[in-house]
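For reference, the structure discussed in these notes is given below.
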């Protein structure tokens with residue numbers, strides 16, 4: 001069974017339950033954490049991404065066409081399953097649970113002691129991709145994303161490097177993107193760059209449970225990492 005068929009079943013169950021009272025998708029997400037480990041991670045990742053994207057849109061108050069297109073870029077959903085994804089998105093916006101509940105459920109996918117968990121970074125990158133689609137990271141979106149990072153136990157320095165991949169922070173930007181200090185040698189920068197490229201290859205994302213349909217996250221991340229390295233390398237070679 002594909003992740004989208006599994007999500008379709010999930011949406012059907014939640015829709016039936018919603019007729020009898022308040023919607024509680026977060027509890028439904030919790031039930032997805034049981035069963036086949038590989039499938040559960042992919043489905044739970046997908047549901048959490050959709051739900052958190054919907055909650056972020058609600059927090060901002062405005063859903064633009066650019067954000068919808070960005071959402072569709074990340075969620076390469078088969079046409080026959082698009083209706084279920086749209087239904088899940090709408091249910092999440094109407095859910096009684098706050099976004100923090102979803103974020104905490106998502107964090108359980110990495111188990112205990114998960115600071116800077118790679119899979120949670122994938123989620124955060126996807127949310128940034130949607131948030132910045134209209135050309136501006138709004139204040140409420142920024143607060144939303146920072147709080148999600150805190151719940152994910154992504155430390156502040158790491159969060160700033162993720163932020164720098166999506167928002168221009170000025171002269172320090174390429175150094176922050178790579179997570180290296182200004183003044184580092186070219187060899188140190190190159191070593192860090194190679195480590196980031198290896199750990200962020202699309203195959204690595206798939207291996208840790210990110211569905212094949214979401215590899216656009218890795219593509220945009222690698223583009224930012226490559227761009228940052230090129231800027232630093234050029235500056236150091238001409239210093």
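Taking label points 7 Å from Cα along the Cα-to-Cβ direction, residue 83 and residue 207 give a separation of 4.0 nm. Placing a pseudo-label 7 Å from each Cα along the Cα-to-Cβ vector at residue 155 and residue 138 gives an inter-label distance of 3.3 nm.
For the range 148-211, what does the relative contact order come out to in percent, with C-alpha contacts under 8 Å and a separation of six or more? Could the numbers behind the result be given before it?
On the way: 26 pairs, mean separation 13.3, N = 64.
Reported as a whole number, the value is 21 percent.
Since every read-out is calculated from the coordinates, none of them should be taken as a lab result. Since the model is a prediction, treat every value here as computed from it, not as a measurement. For neighbour counting, all protein chains shown are included, and Cβ atoms are generated from backbone atoms with ideal geometry for every residue, glycine included.
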